[in-house]
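Below is one structure; the comments refer to it alone.
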Amino acid sequence: MDGSGTSDGGDGGGSLRPMDAEQLRECGHRMVDFIADYYKSMETFPVLSQVQPGYLKELLPDSAPNRPDTLDALFDDIREKIIPGVTHWQSPSYFAYYPSNSSTAGFLGEMLSAAFNIVGFSWITSPAATELEVIVLDWFAKMLKLPSQFLSDAPGGGVIQGTASEAVLVVLLAARDRTLKKHGKKSLEKLVVYASDQTHSALQKACQVAGIFPENFRVVKADCSKNYAVAPEAVSEAISVDLSSGLIPFFICATVGTTSSSAVDPLPELGNIAQGHDMWFHIDAAYAGSACMCPEYRHHLDGVEKADSFNMNAHKWFLTNFDCSLLWVKDRSYLVEALSTNPEFLKNKASQANSVVDFKDWQIPLGRRFRSLKLWMVLRLYGVENLQSYIRKHIQLAEHFEQLVLSDSRFEVKEEMNQLIYI
Ligand code: PLP
């Protein structure tokens, strides 16, 4: 393939030059034009794809082409066969699930990350990737006014995971191993996890993967009179019952901004309960955490100082292209102990403290992308003040929407439930 549309590999002899700089320049310019046109015309597409399951099998051949195709032929297929099957998450008319905003800065960061295409599992595989991640996560922690223990020069630190689901899994593993170390490996069947019925299903999945016995996953009913936040008394009561049955409560997950109703669980009270029982306290602020960089919304994080881990997705409401999930822990040694495969390193606490960060030991996969680039570019090319204004504007739009609903007799807003009822 080359930019001019020939199908012979670009030199007439059929030889493959996968990363020829001039071909890349030409094809890249064409792709950027294509993407810019897509963004310009996005509103003309139906937001939700209208195709039926299996539609693409009807349109594409059964096997891969033996000879190179042209970029023109590919663009035709993208227009005619792929775009009809795309649901347009970046459309201004997209209101499903949760926001997942892209931006020019995030997009450029993704491009550059694709260009370097590093596999940065350890410091030496690309020092800039590890070090930029550490710096940007420290910047972000300061923007959110996270406690100083979450910073990289403390026992804690931040790391970019792919998703909030991966984030809760790794901290659950860290918490599990910390507890088993204390109570003995045979206690796995006694470990109990607590969360509200508004908690994202990512926690249940993490429990399944981490070997937590399904009957030990406590789903505490949220309080609808408190905008669907969980009542700390209900969590305390569940813990007392489990303790009296000889079980070991070890993990509480609170949410700041539940997916369905943006409920905020009472962090200080839940944190006290967790600390009182030597339990791990995780805060999932995947969707709404970004708002807390505005001083007027920061109070939603009060109590985070009692947490062992905190997570928010920059790929949701922070203009950073998917995927970019930010996780901070108060004591990184628990993560490393659960996830490192190097027993010598684990034995030697002193070498852990003095050596460079190898982020492979803070996550499930070995390989990892240079994700901090796009977050760094979002922060640098927009600046914190603009990012705060962007969040504020969205909240103003939500308030405006509420006013429209209130002024329409076909709807009522149930204040105490924060729910929209269609009459
Ligand atoms: N937690 C909350 C509060 C969410 O809103 C979501 C996504 O909707 C998740 C977790 C899961 O996010 P991810 O897709 O990053 O795993």
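The values are calculated or read from the model by the stated rules, or taken from the named source; none is laboratory data. The model shown is predicted, which means the values in this text are computed figures rather than measured ones. Using ideal geometry, Cβ is built from the backbone for each residue, glycine included, and neighbour counts are taken over all protein chains shown. The accessibility values were calculated without ligands, DNA or RNA, using every heavy atom of the protein model including side chains. Shrake-Rupley method; radii C 1.70, N 1.55, O 1.52, S 1.80 Å.
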Once amide H atoms are placed 1.01 Å from N in the peptide plane, what residues at a sequence separation of 5 or more from residue 87, or on another chain, have their amide H within under 5 Å of its amide H? 49
Can you classify region 59-193 as rounded, prolate or oblate using the Cα gyration tensor, where a ≥ b ≥ c are the square roots of its eigenvalues, rounded means a/c under 1.5, and otherwise it's prolate if a/b beats b/c and oblate if not? prolate
HN-Hα J couplings of region 386-393 from phi, Karplus 6.51/-1.76/1.60, θ = phi - 60°, integer Hz, Gly and Pro as x? 5, 5, 5, 5, 4, 5, 4, 4
Cβ-based net charge around residue 338, under 12 Å, with every Lys or Arg adding one and every Asp or Glu removing one: 0
Charges at C-beta only: +1 for Lys and Arg, -1 for Asp and Glu. How large is the resulting dipole of the chain about its Cα centre, in Debye rounded to 20? 1040
With DNA, RNA and ligands ignored, accessible area of residue 32 (1.4 Å probe; Å², nearest 10): 70
Multiply the residue separation of residue 115 and residue 221 by 0.36 nm, subtract the distance between their alpha-carbon atoms, and state the gained length in nm to one decimal. 33.4 nm
Alpha-carbon centroid distance for the pair region 355-409 / region 161-194, whole angstrom: 27
Quick one: the Cα spread of region 15-134 along its three principal axes, in angstroms, biggest first? 47, 44, 26
Once normalised by the length of region 109-379, the mean sequence separation of its alpha carbon contacts under 8 Å that are 6 or more apart gives a contact order in percent of 28
Expected sort for 103-110, 121-128 on mean C-beta neighbours within 10 Å, highest first, is 103-110, 121-128
Stretch gain in nm, segment residue 108-residue 201, where the contour uses 0.36 nm per residue and the Cα spacing is subtracted: 30.3 nm
Highest GNM mean-square fluctuation among 272, 66, 386, for the chain with Cα springs under 10 Å, belongs to 66
Give the long-range amide H neighbours of residue 248: residues separated by 5 or more places, or on another chain, with amide H under 5 Å away, using H modelled in the peptide plane at 1.01 Å from N. 191, 192
Take region 152-192, drop everything but the C-alpha atoms, weight them equally and run the Debye formula without solvent; then report log10 I(q)/I(0) at 0.16, 0.21, 0.24 Å⁻¹ to two decimals. -0.54, -0.76, -0.84
If you stretched the chain out fully between residue 56 and residue 404, how much longer would it get, using 0.36 nm times the residue separation minus the C-alpha to C-alpha distance? 121.2 nm
Sum of side-chain charges, residue 391 neighbourhood, beta-carbon under 14 Å (Lys, Arg +1; Asp, Glu -1): +1
Checking a compactness column here: for region 109-379, what do you get for Rg(Cα) / (2.2 N^0.38 Å), N being the number of residues? 0.97
Return the sequence-ordered ³J(HN,Hα) values of region 233-245 in whole Hz as given by the Karplus equation 6.51 cos²θ - 1.76 cosθ + 1.60 applied to θ = phi - 60°, using x for Gly and Pro. 4, 5, 5, 4, 5, 4, 5, 4, 4, 5, 4, 5, 8
I'd like to compare 134-146, 167-179: which one has the highest average count of other Cβ atoms within 10 Å, and what's the full order after that? 167-179, 134-146
Within the under-15-Å Cβ sphere about residue 135, not counting residue 135, Lys/Arg +1 and Asp/Glu -1 give a net charge of 0
